[in-house]
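The values are calculated or read from the model by the stated rules, or taken from the named source; none is laboratory data. Here the structure is a predicted model, which is why all the values come from computation and not from measurement. Every residue, glycine as well, gets a Cβ built from its backbone with ideal geometry; the counts of neighbours run over all protein chains shown. Heads up: the accessible areas ignore ligands, DNA and RNA and are worked out on the full protein's heavy atoms, side chains in. Shrake-Rupley method; radii C 1.70, N 1.55, O 1.52, S 1.80 Å.
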Amino acid sequence: MFKRLKQNFPLKYFLGDNQNAIEIQIWVSLIIQLIMLVIQRKAQRNWAYSNMMSVIRYHLMTYIDLFKFLKNPEAN
């Protein structure tokens, strides 16, 4: 879990200086990792975690059906 967190959500720079800001950033990263694991399990196609993260990061601001896209990315 921590290896995946370190590889896909680099926390090199913290957005705040106090302890609360750092804890919030770490908690948000953990929650996002959990959501991405659920999406990876629900996707019917076998995706590598890092590839799926890259595709989702690329399409973050587009209006697509995520599960439909992950099922068949060539159709979209």
Matching helices (runs of 4 or more DSSP H) fully within the stretch 17-76 where at least 3 residues are among the aliphatic types (A, V, I, L, M) and within 16 Å of the chain's Cα centre (by Cα): 19-42, 49-58
Total residues in the stretch 24-60, condition touching a Phe, Trp or Tyr at 6+ places or on another chain (Cβ under 7 Å) and either among the aromatic types (Phe, Trp, Tyr) or open to solvent by 90 Å² or more (accessible area, probe 1.4 Å) (or both): 1
